[in-house]
Amino acid sequence: MNSSDTQSLARPSSDPYFNLGTFGRKVSTDSQEAQVWFDRALVWTYCFNHDEAITCYNQAIAHDGNCAMAYWGVSFCSGANYNKTWALFDETDRLNAIKQCYVFSQEALRRIEHASDWEQGLIKALAHRYPNDDPSRDFAQCSRAYADCMRDLYTNLGREDFDIITLFADALMNCAPRKLYDASTGLPIAASPVCEVKDLLERALKMPGVEQHPGPAHMYIHLMEMSATPEAALPAAEMIREIFPDTGHTYHMPAHIDVLVGDYRRAVEYNLKATVADDKYFQQNGGLTFYSYYRLHDYHSLIYAAMLSGKLKAALAATDRMEATITEDILRVETPALANWMEFFKAVRVHVLIRFGMWEDLKKLDPLKDKQLYCVTNVMRHYGKAIAYAATGQLEEADREREQFNGASTLVPPTRLDFPNKITDILKIASAMLDGEIEYRRGDYETAFSGLREAVILEDELPFAEPWGWMLPARHAYAALSLEQGMVEQAAQAYAEDLGLITTPKRAHQHPNNVWALHGYHECLQLLSRHAEANIIKKQLSLALAEADVQITSSCFWHSGQQLSLESVLDFSQPLNLPPDQSQTAINIFNQLIDLYNPNQTSQKGYKPAALALAVYRHVSAKDAFLMLFFSLIYEALCPRTTDTRDPEITTYLCYFDDLASWGPDRLGNAKSAIEDFAEYIIENLLLPLASYEIIIGVLFLASSIDAKPEDVFSKMAEITDSKKNALRILTMFDHGITHLIEYPKIDSLMNALTLTYDYRRLFGAFELYFEHTGRPYQYEIKSTDQDSFFSDPLLPVIRTLTLSPNRTIDPPFPRLLAIHRAIALIMKISGAGDYFDNVLRDLEEVGVRADGSTNLGLIMKLRLGGWLTVS
């Protein structure tokens, strides 16, 4: 490169450029322009935008062809680094990079007489890393030789020099990139340089002025994130959060630690700032360089943190923005092969839609035409559609998509990455998850849980990544479905592992404070009567729920209980929170009274009152409010009011039962009668109204394209046929041309027997519903306007949130849409009631429930007011 060539390439530093603050390092040059460009290059070097750094180093060369450190910079940034080792270069990219590293290192050596001592030390050290342009040389040996030279430079000149400290730490870490800690324990690998790096950086982080330099803090985050104690890097993360206004990577890096310690709010906040800075860079320079990987990685991290914190809006918005920048011309860059690194980002939407249960949106994701270029996108779309069909009970469609997933998996080459994971390894998890999810809906629980356990194991075996290679923790589905099947201990352990409360999984694969697992774990602890632990988790859960923008009632949307649990149907709009000591006392007395009646004892009306009361307590979210209701009604039955019309307080209720252990037969008999009255209250005020709609539908009504008509299927009773017809009418309001039918094997299940029973429709009138906007887009509250005795108690309103996807607007004034919304409301509410009835009645002796959950109720079950389980 001669002088005339360099001058023609020179750009004035006064041209509009990114705001990189005032950071820099004086180097040996007489050109102020070269110095400005070198300072910019150094910022980008420490921020891992090596492409822009090379551009700036070349500008420094263009302004001063004798600036040795500018040549050093091009050589340094052209080679392998901590995130992109030589093994990850494709062949052409590797050959080009090796040649450029060597050529520019030699150019720096030729100009070394113009350099200062520290500059000469860096240039000579780098020459040991790139001694020639032979691609067959021993790269590991060259990396060690370079690190040894940097150690000498640090010892002789650099103990107080942040640049030398940073570059020395980088050299050491590149001797064992991403292999500094034992993957299963997070403990240092003795043969690695991890201890030397840790001592080096921790000393630097205590030095005055370190907060003004990005290097030590940045490297320390990378050093500690794979360790057993990533929280040690929190102070370092604070140093660089906003050190440079326009560098996305320094906003993003602290979020590595935020996620690991469960601070998802800050992870969302700073990854969002990173993407804003990245977008500015993309708009000015395009995306045809490897930095696009870092840019998309910042989006990926934002989406992941939003998913773990239940932030649907942030996750979808980031996905939209990210996809807008993944252009086909970027993916078709061959050197480096950007599709191998970046195409998988187009599949992230599938994970988001599954996380938030957006089944209809998933079903609309058709494969893209170029099956080779978009191989990862397409295989994950088949995965997402299979999950969606399984979640909505359309098992034939789910099986079809699973077959297409298996076929599409064969098109994914081993070079495709979700760095550092191979997509082929990630697809093994997806395959196991599909087996688990689909077979669970089919009722083959042994196969289902075998698949889910395999998914958990495969996920744990993935190498460290941020975000993790599998964005939807397999433990969430495994635990939720375990809980649904009554395997509470199994579910609790899985949740505790996911939250990091048990040290079984890798530290980096734990998800502390995530709202999904907190919710599931809290539910398990309550069911296991581990109330002290539940109270601790409840505080964390409350904080997590405050950050979420969706209603969360389970650890995953894709297990059937998410839309069916009573907790989703009963929502205490003004939860009552008792002091901890009173709450615990109330729980203890409640349990004593339940035991007094005996949960297995059947009343004269054919059901088990104590079992019903206990089941309701376990399902409601506002347990203190429920206990207040319980004790107020029990106390009122045992101690009718006389002249004092004031409402007693909880203290009065609880004190009344102080001597419960010494009560005689008469008082105990009265208490049992009061419990029966309370159960009747629950039936009349909470359960029957949920089934009192004009149109009744069970949760297992499916959308299947089959020839049989609803009234022809396994039903001769006119009233049940009529119920099916009404259910079909309401469903076809918003799904024209599809026949809806109860699946043959499930027609005798309790929930269908109950929700399709004509007596419920006949005995109770229609329910009026209205829609009230909540202030959030696409979200409305569905409430009852009925003011009769069924809903006279202000503590127990029936409220359900309806959320539609952004492309389905809610417009209440339009009559047709109102009808659709009312149909959705009925389905959601009756589904909730059906599932609750099924859980309450499953173990009752009169029914004779089979192992698969079915019964003999299909044609003979009739429920009458005040006569549960009366069989005729």
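Summed over region 346-360, residues that are within 13 Å of Ala388 (Cβ to Cβ) and either of a type in the set (Lys, Arg) or touching a Gly at 6+ places or on another chain (Cβ under 9 Å) (or both) total 7.
Of everything in region 442-458 that is among the charged types (D, E, K, R) and over 16 Å from Gly486 (Cα atoms), the residue that is modelled with the lowest pLDDT is Arg442. Among the conditions (1) outside any helix (DSSP H, G or I); (2) closer than 22 Å to Ala127 by Cα, the only one that Gly21 does not satisfy is (2). Exactly one residue among Val27, Val36 is among the β-branched types (Val, Ile, Thr) and part of a helix (DSSP H, G or I), and that residue is Val36.
For region 76-92, indicate whether the set of residues that are without any contact (Cβ under 8 Å) to a residue 40 or more places away in the chain, closer than 21 Å to Ser28 by Cα and either within 47 Å of the chain's Cα centre (by Cα) or in a helix (DSSP H, G or I) (or both) is non-empty. Among the residues of region 76-92, at least one is without any contact (Cβ under 8 Å) to a residue 40 or more places away in the chain, closer than 21 Å to Ser28 by Cα and either within 47 Å of the chain's Cα centre (by Cα) or in a helix (DSSP H, G or I) (or both), which makes the answer yes.
Report, by residue number, each residue of region 501-529 that is in a loop (DSSP other than H, G, I, E, B), without any contact (Cβ under 8 Å) to a residue 60 or more places away in the chain and over 24 Å from Leu180 (Cα atoms). The answer is Leu501, Leu528. Filtered by the rule that a residue be charged (D, E, K, R), part of a helix (DSSP H, G or I) and crowded, with 16+ Cβ neighbours inside 10 Å, region 100-114 gives a lone residue, Glu107.
Being among the hydrophobic types (A, V, I, L, M, F, W, C) and at pLDDT 95 or above is a property that Ala237 has.
Residues that are surrounded by 19 or more Cβ atoms within 10 Å (Cβ to Cβ) and not in a loop (DSSP other than H, G, I, E, B) within region 305-329 comprise Ala305, Ala306, Met307, Leu308, Leu312, Ala314, Ala315, Leu316, Ala318, Thr319, Met322, listed in sequence order.
If you check Ala324, Ala306 for being within 30 Å of His519 (Cα to Cα) and of a type outside the set (Phe, Trp, Tyr), only one passes: Ala306. Being in contact with a Gly (Cβ under 8 Å, 6 or more places away or on another chain), surrounded by fewer than 24 Cβ atoms within 10 Å (Cβ to Cβ) and in a helix (DSSP H, G or I) is not true of Leu427.
Of the residues Glu107, Glu160, Glu119, the single one that is out of contact with any strand residue (DSSP E or B) (no Cβ under 7 Å at 6 or more places or on another chain), over 17 Å from Gly73 (Cα atoms) and of a type outside the set (S, T, N, Q) is Glu160. Hey, could you check region 208-234 for residues that are at pLDDT below 95 and of a type in the set (Gly, Ala, Ser) and say which is farthest from His300 (Cα to Cα)? Per the criteria, the residue is Ala228.
Here Cys375 meets the list (1) buried (at least 16 other Cβ atoms within 10 Å of the Cβ); (2) free of Cβ contacts under 8 Å to residues at least 12 places away in the same chain almost entirely, failing just condition (2).
Could you please let me know if Ile123 is on the phi < 0 side of the Ramachandran plot, aliphatic (A, V, I, L, M) and buried (at least 19 other Cβ atoms within 10 Å of the Cβ)? So Ile123 passes the test. Consider Arg265 carefully, then state whether it is surrounded by fewer than 23 Cβ atoms within 10 Å (Cβ to Cβ), assigned by the TED database to the domain that holds Asn285 and either basic (Lys, Arg) or part of a loop (DSSP other than H, G, I, E, B) (or both). Judged against the criteria, Arg265 is a match.
On the stretch given as region 549-607, residues that are surrounded by 14 or more Cβ atoms within 10 Å (Cβ to Cβ), closer than 30 Å to Thr392 by Cβ and at pLDDT below 75 total 20. For Lys346, are the conditions met, namely being modelled with pLDDT of 95 or more and of a type in the set (Lys, Arg)? Yes; evaluated as a whole, the condition is true for this residue. Only one residue in Lys273, Lys346 is assigned to a helix (DSSP H, G or I), closer than 30 Å to Leu95 by Cβ and basic (Lys, Arg), so which one is that? Matching residue, one of Lys273, Lys346: Lys346. Filtering region 366-380 to residues that are closer than 20 Å to Thr392 by Cα and at pLDDT 95 or above leaves only Met380.
Checking Leu411, Leu362 one by one, the residue that is of a type in the set (A, V, I, L, M, F, W, C) and under 24 Å from the mean Cα position of the chain (by Cα) is Leu362 and no other.
The values are calculated or read from the model by the stated rules, or taken from the named source; none is laboratory data. Please read all numbers here as calculations on a predicted model, not as lab measurements. Cβ: placed from backbone, ideal geometry, glycine included. Neighbour counts: every protein chain shown.
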